[in-house]
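Comments concern the structure below.
The values are calculated or read from the model by the stated rules, or taken from the named source; none is laboratory data. Given the structure is predicted, the values throughout are model-derived calculations rather than measurements. Quick reminder, even Gly has a Cβ in these numbers, built from the backbone with ideal geometry, and neighbours come from all protein chains shown.
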Amino acid sequence: MSEKIFQEAFDAIVNGEADKATDAAKRGLDEGIDPLLLMDKGFIPGINKVGDLFETGRLFLPALIYSATAMEKATEIINAAIPVGKELVSAKILIGTVEGDVHDIGKTIVVALFKANGFEVMDLGRDVPIARFIDEAEKYGADIIGSSTLLTTTMVVQKELEQELKKAGLREKYKTIIGGAPVTQRWADRIGADAYAQDAGDGVKKVKKLMGK
Amino acid sequence: MHIAHIVASGMGGIRTSGDLVAWMQMTHKMKIFEAKHYVADKLGVDIIDLTNEEVMRQLREQLEIGVITSIAGSPKGLRAKLKIAELLEIKINSVNLFKSQIT
Amino acid sequence: MTYRILTRMGDGERVTMSAAEIKEDISEGIRDAAQSAEIPELTAGESEQLFNIMAEPSRTVSVSAGEEVVVTDDGCSMSFYAGQDSSGIGVPLSRMQAILTYERACAADTTSIGHSDYSFKPVKPIINFEMNEYYTTSMMTTAPLFYGAQPNMGLYFQPDGPYPNPADLLPQGKIKEACETQEAAAEQLRNDIVFVGKKLNSIGCEGLNLDTCGSAGDADLLAALQAVADLKKATPDMPVIMGGSGEFVLGMHGDVAFDGKRLAGMYPQDQAKVAESAGASIYGVAINTNTNKSAAWNIARAVALVKAAVAAVDIPIHVNVGMGVGGVPMMEAPPIDTVTRASKSLVQIGKADGL
């Protein structure tokens, strides 16, 4: 019986059907399936499949948003059923495209997948000054600051963000993660960022790792 | 970086016959081999000589279609393109405009 | 000690790899291209040829005599006078001086002129200025002179334009609104491209280059294709070349179609078909460089995708080989060793009609 529910959960996410996702979540819990198992065997494989399809051009942004929304709804239900202390990984992530760069399609995808995976996200949009990253992170109580850049000329702003956090004495307060087409793990190491995400799916994995889960 | 591609793979522009082959791709949507073949036929040379400076330098001057070095009084620019359009039997917009203004 | 080959990563980092590692990366790159785009893999002979190019100890390589191709440019002369943002070297030259230098000092097969913003939208209000500059320059150039600009539909969305931004609407779940705003922007973009094209045609434009089509997604590409089709009717003697923006069309809308074919998710071989159908004279394929993979992986992958695109259409295929595409490393000053290896491989094995 569990297998059938897992498949329904998987299908609901891949097809972007929020109603069916919430229904699968509720029925699964009613049948006594462990909420974490339901997540691991049904919903998470579904959203991973969505990520794979998107990254190879076989699923498009509107469909990704529907899938992400379905995942968010299911996650809310599952989270409410998880015993205290065993919650799914949670993080408050502040994200934006750095100043001087107006490319935000990639970041929009990252935000959708972050939300789908149960993270709280504040999206600052594009062309975000360093001071705003820091001010908003303080106000929001972020765990992680994520910065994106598409241009080789604006990559350096990610380095400046690291430096400004240090100057403000806040570097140890936050985990930082960087992404964008010209960015690599080597760049992350060089500027002192805590993590590098190759794409949206990798970003989810890295955030979970940063949060120690 | 364009220069690296020009040196590694390019035809040599007006130094040889790169412009002529490009005109054929643009105006007649010819694949590279077809375009080279067409131009070589019109010039009366072998395909391999399309990028042979030793052949093309003299031929271009003789045909008055512009050469890479600057020779006072020798056709270049629009005057050379007028000749190129005639040689290749193609329509070049800038040449057509010019012709419409002098007739 | 195992013989090591000096090579690069996709971000330009210099690394050494063994022959076996290079061969493995070539195989993986080809396999990835074949699986992603559903195209045939390169043959064993082609893989071997590619390995020889990658393993060649010379710093630079080049195609064999007789196998040269046309190199079109997308604003190369602009990099003579522009700054770092355009990979420019900042020499104080006018546009005409830069173009003539490119044509005559660099022996360029074609040249091009464009506005420094390099997008159609900002060209519209200054079209008379651009027409004047083009006209004056075209009297001096001998090689074909293109006017180049990007559709760049992002400029039509707030805060840069009048239409609500889909990147804001989509995360709010406003899918219908996000699609509608893209459709409206695409229509405006199409009109602007046609307006600019017609104006340039009136002063004898030798070729129009729609560069980086689809950068804002499938609706951006749709606008470009429709504009090309419009221009082929209105200005049949002005060649139009189109360049892509990525190896598959990003489905920001997801449902727009040209010639009955959905654009979202199209790989180069299908992009080339719709460009051909619209009336483009040349299509420029763009294949993204993965900064985390080796030059061997990236170039092998690009060659496989290019070969399939070349075989798919009757129009010439030129490969985008700027920074971060076509196997060229993603860095401000792409290393010449890898640039020339990409160049040679795409022409000799990918059978590109030009670069």
Of the numbered conditions (1) of a type outside the set (S, T, N, Q); (2) farther than 16 Å from C:Y283 by Cβ; (3) in contact (Cβ under 8 Å) with a residue 40 or more places away in the chain; (4) within 14 Å of chain B (Cβ to nearest Cβ), C:L210 fails exactly one; give the number of that condition. (2)
When you check B:G10 against the structure, is it more than 19 Å from C:V71 (Cβ to Cβ) and not polar (S, T, N, Q), yes or no? no
Residue that is nearest to the chain's Cα centre (by Cα), among those in the stretch C:30-58 that are farther than 17 Å from C:L346 by Cβ and within 11 Å of another protein chain (Cβ to nearest Cβ): C:S36
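Select, from A:L94, A:L113, the only residue that is buried (at least 21 other Cβ atoms within 10 Å of the Cβ), under 13 Å from the mean Cα position of the chain (by Cα), away from chain C (no Cβ under 14 Å) and aliphatic (A, V, I, L, M). So that I can check it myself, show each step before the final result.
Details: A:L113 fails: away from chain C (no Cβ under 14 Å).
After ruling out the rest, the residue left standing is A:L94.
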Looking for something over 25 Å from C:Q182 (Cβ atoms), acidic (D, E) and touching a residue at least 40 places away in the same chain (Cβ under 8 Å) - is there at least one such residue anywhere in the stretch A:141-148? yes
Residues that are assigned to a helix (DSSP H, G or I), crowded, with 24+ Cβ neighbours inside 10 Å and within 14 Å of chain A (Cβ to nearest Cβ): does the stretch C:222-236 have at least one? yes
Considering residues of the stretch C:159-191 that are under 26 Å from the mean Cα position of the chain (by Cα) and not in a helix (DSSP H, G or I) only, the residue surrounded by the most Cβ atoms within 10 Å (Cβ to Cβ): C:N165
Can you confirm whether the stretch C:155-176 contains a residue that is closer than 30 Å to B:H2 by Cα and either within 11 Å of another protein chain (Cβ to nearest Cβ) or free of Cβ contacts under 8 Å to residues at least 40 places away in the same chain (or both)? yes
Only unsatisfied item for A:D101, checking (1) touching a strand residue (DSSP E or B) at 6+ places or on another chain (Cβ under 9 Å); (2) surrounded by fewer than 16 Cβ atoms within 10 Å (Cβ to Cβ), is (2)
Residues satisfying the stated conditions in the stretch C:81-107, i.e. among the charged types (D, E, K, R), more than 9 Å from chain B (Cβ to nearest Cβ) and in contact with a helix residue (DSSP H, G or I) (Cβ under 7 Å, 6 or more places away or on another chain): C:R95
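Give me the residue from the stretch C:192-215 that is in contact with a Phe, Trp or Tyr (Cβ under 6 Å, 6 or more places away or on another chain) and farther than 20 Å from C:S245 by Cα and, out of that set, surrounded by the fewest Cβ atoms within 10 Å (Cβ to Cβ). Please lay out each step first, then the result.
So in the stretch C:192-215, the residues in contact with a Phe, Trp or Tyr (Cβ under 6 Å, 6 or more places away or on another chain) come out as C:192-193, C:196, C:200, C:203, C:205, C:207-209.
Adding the requirement that they be farther than 20 Å from C:S245 by Cα leaves C:196, C:200, C:203, C:205.
Working: C:V196: 24, C:L200: 28, C:I203: 18, C:C205: 28.
Among residues in the stretch C:192-215 that are in contact with a Phe, Trp or Tyr (Cβ under 6 Å, 6 or more places away or on another chain) and farther than 20 Å from C:S245 by Cα, the one surrounded by the fewest Cβ atoms within 10 Å (Cβ to Cβ) is C:I203.
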Among the residues of the stretch A:137-183, which ones are of a type in the set (D, E, K, R) and either part of a strand (DSSP E or B) or more than 18 Å from the chain's Cα centre (by Cα) (or both)? A:E138, A:K139, A:K159, A:E160, A:E162, A:E164, A:K166, A:K167, A:R171, A:E172, A:K173, A:K175
Where the second residue is among the charged types (D, E, K, R) and in a helix (DSSP H, G or I) and the first is within 20 Å of C:E187 (Cα to Cα) and modelled with pLDDT of 95 or more and lies in the stretch C:118-138, which pairs have Cβ atoms under 7 Å and are six or more apart or on separate chains? C:F120/C:D192; C:K121/C:D192; C:V123/C:E130; C:K124/C:D192; C:I127/C:K199
Residue ranges of helices (runs of 4 or more DSSP H) in chain B with at least 3 members at the interface with chain C (Cβ under 8 Å from one of its Cβ atoms), more than 14 Å from the chain's Cα centre (by Cα) and on the phi < 0 side of the Ramachandran plot: B:2-9, B:93-102
Which one is surrounded by the most Cβ atoms within 10 Å (Cβ to Cβ), of the residues in the stretch A:55-67 that are assigned to a helix (DSSP H, G or I) and at pLDDT 85 or above? A:S67
Restricting attention to the stretch B:1-28, report how many residues are at pLDDT below 95, under 17 Å from C:I317 (Cα atoms) and β-branched (V, I, T). 1
Does the stretch C:237-277 hold any residues that are more than 14 Å from chain A (Cβ to nearest Cβ), crowded, with 23+ Cβ neighbours inside 10 Å and not in a loop (DSSP other than H, G, I, E, B), and which are they? C:V240, C:I241, C:M242, C:G243, C:A272, C:V274, C:A275
Pairs where the first residue, in the stretch A:37-58, is assigned by TED's automatic domain parsing to the domain that holds A:E72 and the second is among the β-branched types (V, I, T) and not in a helix (DSSP H, G or I), C-beta under 8 Å, 6+ apart: A:G57/C:V249
